[in-house]
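Contents: one structure, followed by commentary.
The values are calculated or read from the model by the stated rules, or taken from the named source; none is laboratory data. All values reported here derive from a predicted model rather than from experimental measurement. Methodologically, a virtual Cβ is constructed for each residue, glycine included, from the backbone with ideal geometry; neighbour enumeration extends over all protein chains shown. We work out accessible area using only protein heavy atoms, side chains counted, and drop any ligands, DNA or RNA first. Shrake-Rupley method; radii C 1.70, N 1.55, O 1.52, S 1.80 Å.
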Amino acid sequence: MTDKLNELTAAGVAVWLDDLSRVRLSSGGLDQLRREKHVAGVTTNPTIFAKALSDADEYNWQLHDLATRGVDVEEAVRMLTTYDVRWACDVMRPSYDGSEGVDGRVSIEVDPRSAHDADKTLAEAKALWWLVDRPNLFIKIPATEEGLSAITDTLAEGISVNVTLIFGLDRYSAVMEAFLAGLEKAKANGHDLSKIGSVASFFVSRVDSEVDKRLEKIGSDEAKALKGKAAVANAQLAYERYTKVFSSDRWKALAAAGAHPQRPLWASTSTKNPDYRDVIYVEELIAPGTVNTMPESVIHAYADHGETRGDTVTGAYDAARKVFADLESVGVDMDDVIATLEREGVEKFEASWQELLDGVRKSLEAAAKGNGAPNKAATSNAKGAEKAGGA
């Protein structure tokens, strides 16, 4: 059988997994995806961690120890999540070493409640970098206006960054500017630029969800004919901006000093509308030097019936611009769409973070009462994960 994920990788798209849990780690599932499905990186977010901690009892032994120590809930969340991310970094280390530091990365996000506070974001980024203590870590920072300076300052410290929650073209341009400024400061600070990595997570399917809702409300035939086109067009035009920035003289000077480009990462690539092809946000966004982070279901779907048709982005810029013009002509305000998505994106992650805090608080209380004592399987799992750095 044709190895479709290998074809995708050969076309320049790094396949990353958008999920992480201790069950996936302890079962060897992540390593299997790395070895058999060409998975070369991992992304996480507060929603993923909230689900992981609510679904499994493999955290019981650590919750018991944390409760015994009397740590507060926020420290407990950081101990639990950084443990998993550190372990995942170790699992992905062969990909990191084999790609000379480009892939094999695992992301952990700063507290989304600090998304509009640059100083807190920087402070937490530094703390997470120290706590996980793995060279193939990415610190995820939301691309809010306030987050831009934090991105620059974090990179200036020699810390690798995954910029997340990018929806619009102008904000993406600002993110690339923040990246270049950060590398220039890192160089001035004496850091080895070849060790610093970054991706810019440009969200895809959520754009269609919001635009399609507005098109349906408009209701005309012209409007309905545009459904399912905005997200891909938006991402294609983002890639056009990427190619211009990373062919500039300013970038060439940094590349000569050993820097790696900040790759576009297509995020939110599972199809929300069942009427659309389940791998549309993979097939239509194939271009050299990109990352596509997918839920495991999308990875398996692409392995089964994905079609790699070469570069599906760089020849589509004019068609993408026409989609934007057509959207404007039927009354869709894309600036408002982008502002709405950014606001809702931060709010959703804040809600997931609160859910995570609430869940861990309840688990700590149960453990303190003796209802969450470690079982043999969990204790064995802990011993098996000692290479991940301990609780």
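Numbers at a glance
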{"read-out": "Packing-based ranking, highest mean first, of 299-310, 35-46, 320-331 given that Cβ atoms within 10 Å are counted", "value": "35-46, 299-310, 320-331"}
{"read-out": "Sequence-distant residues sharing a close amide H with Asp117 (under 5 Å, placed H)", "value": "none"}
{"read-out": "Pair Ala339, Arg113: separation of 7 Å Cα→Cβ label points (nm)", "value": "2.7"}
{"read-out": "Estimated inter-spin distance, Ala10 and Asp192, nm [label 7 Å along Cα→Cβ]", "value": "3.3"}
{"read-out": "Label-point separation, Lys51 to Ala256 (7 Å along Cα→Cβ), nm", "value": "4.7"}
{"read-out": "Solvent-accessible area per residue for region 71-170 (1.4 angstrom probe, square angstrom)", "value": "31"}
{"read-out": "Cβ-defined net charge surrounding Tyr239, 14 Å radius [Lys, Arg +1; Asp, Glu -1]", "value": "0"}
{"read-out": "Rounded accessible area per residue of region 1-50, 1.4 Å, Å²", "value": "37"}
{"read-out": "Sequence-distant aspartates and glutamates (8 or more away, or on other chains) whose Cα lies within less than 14 Å of Lys185", "value": "Asp153, Glu157, Glu177"}
{"read-out": "Dipole of the chain [Lys/Arg +1, Asp/Glu -1 at C-beta], most positive-end residue of Tyr83, Leu8, Gln262", "value": "Tyr83"}
{"read-out": "The chain, helix-only ellipticity at 222 nm - DSSP H runs n ≥ 4, -39,500 (n - 2.57), divided by all residues, nearest 500", "value": "-18000 deg cm²/dmol"}
{"read-out": "Additional length obtainable on full extension of the chain from Ser297 to Ala319, 0.36 nm per residue less Cα span", "value": "5.0 nm"}
{"read-out": "Phi to ³J(HN,Hα) by Karplus 6.51 cos²θ - 1.76 cosθ + 1.60 over region 210-224, Hz, x for Gly, Pro", "value": "6, 5, 4, 4, 6, 5, 5, 5, 4, x, 6, 4, 4, 5, 5"}
{"read-out": "Solvent exposure ordering (accessible area, 1.4 Å, most first) of Phe49, Phe246", "value": "Phe246, Phe49"}
{"read-out": "Within straight-line cross-link reach of Lys229, lysines at Cα separation under 30 Å, skipping those fewer than 8 residues along the same chain", "value": "Lys4, Lys37, Lys140, Lys213, Lys217, Lys244, Lys272, Lys322, Lys348"}
{"read-out": "About the Cα centre, charge dipole magnitude for region 267-381 (Lys/Arg +1, Asp/Glu -1 at Cβ), debye", "value": "780"}
